[in-house]
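Input: a single structure, listed below in structure tokens.
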Amino acid sequence: MIACTRDCYDTCVFDDNFRPIKSEPTFGFTCSRGNADLRRNESNRLLSPIVYGREASLEEAVREIVRTVKSLRPEEILHVEYDGNQGLLTWYYPARFWNAVGSASTDYSICSSEGHAALKEAWGCSCGAGVEEFKRARAFALWGSNASVSFIHGWHLMKDKYKIVIDVWKSETARKAEKSYIIRPSTDGWLALGVIKVLVSRGYGDLSDVEEPERLKELLDRVTVTDVAEVTGLSEEDIVELAELYYYYEPLTVIGFALGRTFDGFNSVTLISLIPAVLGLGRWFYYSNTYSLGVDFDYLRGLHLARPSRVVGMAEVGEEVEKGKIKALFVWNSNPILTLPLGNRIAEAAQEGRLFLAVHDPFVTETVKAASVAVPAPTYLEKHDVVYSYWHDYLVYNEPIRPRKGITEPELMRALAKEYGLTHPLVEEDPWEAVNVALRGTGVTLEELREKKVVKVKRKVPSSRPTAKSVSMPKRPKDGVYLVFSSHPTSTNTQFTEVYGYPKDLLTNDYEGQITLTTGFGEVTVRVRRSELVPKGVIVAYKPSLKLGLNEIVPPLKGRTGTPPINSTLVELRKP
Ligand SMILES: Nc1nc2c(c(=O)[nH]1)N[C@H]1C(S)=C(S)[C@@H](COP(=O)(O)OP(=O)(O)OC[C@H]3O[C@@H](n4cnc5c(=O)[nH]c(N)nc54)[C@H](O)[C@@H]3O)O[C@H]1N2
Ligand SMILES: Nc1nc2c(c(=O)[nH]1)N[C@H]1C(S)=C(S)[C@@H](COP(=O)(O)OP(=O)(O)OC[C@H]3O[C@@H](n4cnc5c(=O)[nH]c(N)nc54)[C@H](O)[C@@H]3O)O[C@H]1N2
Ligand code: SF4
Ligand SMILES: [Mo]
């Protein structure tokens with residue numbers, strides 16, 4: 001058995017012949033990436049360590065990294081890792097070395113942290129519905145979620161059920177849904193407030209299940225359905241209709257990660273999550289179940305014994321590199337030159353010798369191409385690890401089904417520690433022992449996982465009622481043209497573009513041809529294609545089109561808890 005470790009809701013489970021398992025949670029099918037994985041595994045691989053442009057031995061690469069680390073102050077060194085591989089040993093464990101030497105860490109905010117923080121504040125935990133509830137639900141309301149593309153097994157369980165989509169363009173999912181509402185970008189908080197207002201004023205719902213409801217009551221008094229219509233671009237009838245559909249169908253609310261990446265996303269996620277509570281349905285939403293599994297991620301990262309010297313927002317990495325505050329980056333499991341706001345500043349600084357960039361990746365990515373030192377990593381098909389899902393409840397013990405190329409993350413971490421002369425309990429603890437300890441709260445032991453390979457966890461979901469103490473009046477986004485992003489069926493973020501290519505055109509309502517997009521941070525010239533699916537004031541880019549350098553203009557802003565509001569990128573257009 002092996003599970004796909006890519007950053008994806010589905011975490012597909014495969015048998016030893018790499019066929020998707022017929023049973024839950026994979027139901028016998030997978031995506032275009034899963035179908036091409038074995039083939040892709042043999043192409044575009046980084047096969048040898050590289051030190052300043054030439055092939056080198058692993059020892060040389062490790063020496064060069066440690067020499068640089070020792071020559072700098074810990075605060076000038078930042079490790080950047082994200083969810084390229086969702087394995088406990090691959091993603092989390094290697095941070096131990098960097099925490100032990102006291103370098104800076106990121107805030108891990110690029111994707112979903114804003115929504116996690118919002119839901120934790122309101123509900124005590126961001127966790128919600130799982131596979132069982134998806135099966136049981138008779139309808140779904142999807143906000144900022146392109147689930148038919150980004151979450152295909154969740155979507156599979158929505159088949160033949162009533163689906164309502166709230167998006168900013170007629171996405172693939174909006175087109176397939178029974179009902180869709182297309183609103184102005186970043187106005188979801190207003191719409192949620194409008195829905196609650198209608199439900200309460202018509203007696204369809206009330207605030208009796210909401211703790212500390214005063215602030216919400218105050219907002220309901222201040223806002224009218226007419227205001228909500230004006231801000232969202234919907235008609236008043238639409239808003240009433242959406243509230244009626246909520247009342248009639250009691251849909252399971254799916255809150256897409258895209259929403260945490262909007263302007264005022266914290267508030268939007270909070271307000272949307274309160275709709276089911278107003279209907280007396282409790283925690284009838286899904287965002288991410290990571291924090292109900294009981295895995296101790298902090299233990300894996302060694303935070304019980306060591307702390308980073310400082311935390312840098314993922315929004316700010318490019319800017320800090322440009323300003324010279326960061327002099328060395330150690331990257332794994334991530335392709336930050338393409339995926340972080342102003343990520344191109346990393347490439348420029350490395351090229352000009354202002355930044356030492358070390359990268360550990362299985363593939364020759366843009367970040368690897370710009371690296372001072374690159375070290376090959378095995379893919380998930382080539383190493384042991386324990387994998388979890390942010391949707392389903394199964395832990396999987398991954399075993400290699402392909403010969404290994406490269407050095408694993410724990411091995412590289414230990415090689416760095418040895419060269420450094422670091423004797424710290426964090427790097428001395430055996431990686432598997434660390435996994436065993438980190439799994440304690442799951443009720444599953446490593447031994448059991450090794451024997452059974454796939455084990456269902458009993459998730460811990462608090463039955464708390466929500467509090468409305470963190471809601472505030474939604475902010476009104478400025479008028480203008482917004483660049484928004486969506487998942488694409490043939491890639492996971494920037495991965496797989498070497499197999500399937502990537503869309504070269506962005507989608508707009510009213511123009512076709514070359515166009516220059518400008519923000520206060522730079523400009524990028526792209527081709528756009530006219531599409532009736534996109535309303536005025538919106539430009540849609542699929543995530544693999546990040547290859548066009550779109551993050552060169554995404555501002556290094558932080559949301560309430562750090563996540564950059566990437567989907568609220570206000571752009572000026574210049575036509576030639
Ligand atoms: N403008 C804009 N920017 C965005 C987004 C957007 O919508 N718009 N989306 C954001 C979101 S949601 C996310 S999650 C981030 C994603 O940002 P990234 O994490 O940078 O995204 P990926 O392109 O998936 O890159 C993952 C990298 O991990 C590598 N990898 C895979 N497996 C392994 C392994 O086993 N070991 C090691 N060492 N490396 C491995 C892959 O080869 C790849 O290079 O991007 C964000 N950036
Ligand atoms: N095939 C595929 N699957 C993926 C990924 C992938 O790259 N490809 N990426 C994975 C990752 S890292 C993540 S985070 C998830 C993301 O998956 P989702 O949570 O589905 O998020 P996105 O695909 O970023 O965007 C979903 C929708 O949000 C809409 N949107 C943008 N701004 C707003 C807004 O202000 N309001 C509303 N209501 N909608 C808005 C976009 O138009 C888009 O249609 O998917 C994961 N699954
Ligand atoms: S990328 Fe997602 S849907 Fe595709 S194989 Fe991996 S987990 Fe499954
Ligand atoms: Mo993400």
message = Is it the case, given these coordinates, that E55 is open to solvent by 30 Å² or more (accessible area, probe 1.4 Å), away from ligand 1 (no atom under 16 Å from the Cβ) and in the same structural domain as A417 (by TED's automatic domain parsing)?
response = yes
remark   = Taking segment 351-369 and the residues there that are open to solvent by less than 10 Å² (accessible area, probe 1.4 Å) and part of a strand (DSSP E or B), the one that is farthest from ligand 1 (Cβ to nearest atom) would be L357
query = Has segment 550-571 got any residue that is farther than 30 Å from A118 by Cα and over 17 Å from the mean Cα position of the chain (by Cα)?
reply = no
task = Take L58 and decide whether it is touching a Leu at 6+ places or on another chain (Cβ under 7 Å) and either of a type in the set (A, V, I, L, M) or near ligand 3 (Cβ under 10 Å from one of its atoms) (or both).
result = no
ask   = R184 passes all but one of (1) farther than 22 Å from P466 by Cα; (2) assigned to a helix (DSSP H, G or I); which number fails?
value = (2)
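One line per residue, one yes/no per condition, for (1) outside the structural domain of V254 (by TED's automatic domain parsing); (2) over 20 Å from P474 (Cβ atoms); (3) not basic (K, R):
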| position | (1), (2), (3) |
| --- | --- |
| E133 | no, yes, yes |
| F151 | no, yes, yes |
| K161 | no, yes, no |
| A174 | no, yes, yes |
| S201 | no, no, yes |
| S208 | no, yes, yes |
| D227 | no, no, yes |
query = Where in segment 448-526 are there strands (runs of 3 or more DSSP E), lying wholly inside it, with at least 1 residues that are touching a strand residue (DSSP E or B) at 6+ places or on another chain (Cβ under 6 Å) and basic (K, R)?
reply = 454-456
message = For the condition out of contact with any strand residue (DSSP E or B) (no Cβ under 7 Å at 6 or more places or on another chain), farther than 30 Å from T262 by Cα and either more than 14 Å from ligand 1 (Cβ to nearest atom) or not assigned by TED's automatic domain parsing to the domain that holds E409 (or both), what is the one hit in V69, V101?
response = V101
ask   = Can you name every residue in segment 106-121 that is open to solvent by less than 10 Å² (accessible area, probe 1.4 Å) and touching a strand residue (DSSP E or B) at 6+ places or on another chain (Cβ under 6 Å)?
value = T106
inquiry  = I need the full set of residues from segment 80-139 which are over 23 Å from L274 (Cα atoms), part of a helix (DSSP H, G or I) and away from ligand 3 (no atom under 16 Å from the Cβ), in order please.
reply    = L88, L89, Y92, A95, R96, F97, W98, N99, A100
inquiry  = Residues that are open to solvent by less than 60 Å² (accessible area, probe 1.4 Å) and part of a helix (DSSP H, G or I): does segment 401-410 have at least one?
reply    = yes
message = Please determine whether any residue of segment 10-25 is part of a helix (DSSP H, G or I), in contact with a Gly (Cβ under 8 Å, 6 or more places away or on another chain), away from ligand 1 (no atom under 16 Å from the Cβ) and not assigned by TED's automatic domain parsing to the domain that holds T494.
response = no
inquiry  = What's the number of the only condition in (1) within 15 Å of ligand 2 (Cβ to nearest atom); (2) free of Cβ contacts under 8 Å to residues at least 60 places away in the same chain that D15 fails to meet?
reply    = (1)
request  = Could you identify the single residue in Y390, Y299 that is assigned to a helix (DSSP H, G or I), farther than 23 Å from K70 by Cα, at pLDDT 95 or above and hydroxyl-bearing (S, T, Y)?
outcome  = Y299
inquiry  = If I ask for residues that are at pLDDT 95 or above and open to solvent by 30 Å² or more (accessible area, probe 1.4 Å), which ones from segment 488-498 would you list?
reply    = H488, P489, T490, N493, Q495
ask   = Does T445 meet the test of being open to solvent by 30 Å² or more (accessible area, probe 1.4 Å), in the same structural domain as L338 (by TED's automatic domain parsing) and of a type outside the set (G, A, S)?
value = yes
note = Checking D7, D37 in turn, the sole residue that is open to solvent by less than 40 Å² (accessible area, probe 1.4 Å), part of a loop (DSSP other than H, G, I, E, B) and within 15 Å of ligand 1 (Cβ to nearest atom) turns out to be D7
task = Of the numbered conditions (1) part of a loop (DSSP other than H, G, I, E, B); (2) within 16 Å of ligand 3 (Cβ to nearest atom), G154 fails exactly one; give the number of that condition.
result = (1)
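The values are calculated or read from the model by the stated rules, or taken from the named source; none is laboratory data. Predicted model only: the values in this text are computed from it and were never measured. Note that we place each Cβ from the backbone using ideal geometry, even for glycine, and neighbour counts take in every protein chain shown. Side chains are part of the model used for accessible areas, which takes the heavy atoms of the whole protein and leaves out ligands, DNA and RNA. Shrake-Rupley method; radii C 1.70, N 1.55, O 1.52, S 1.80 Å.
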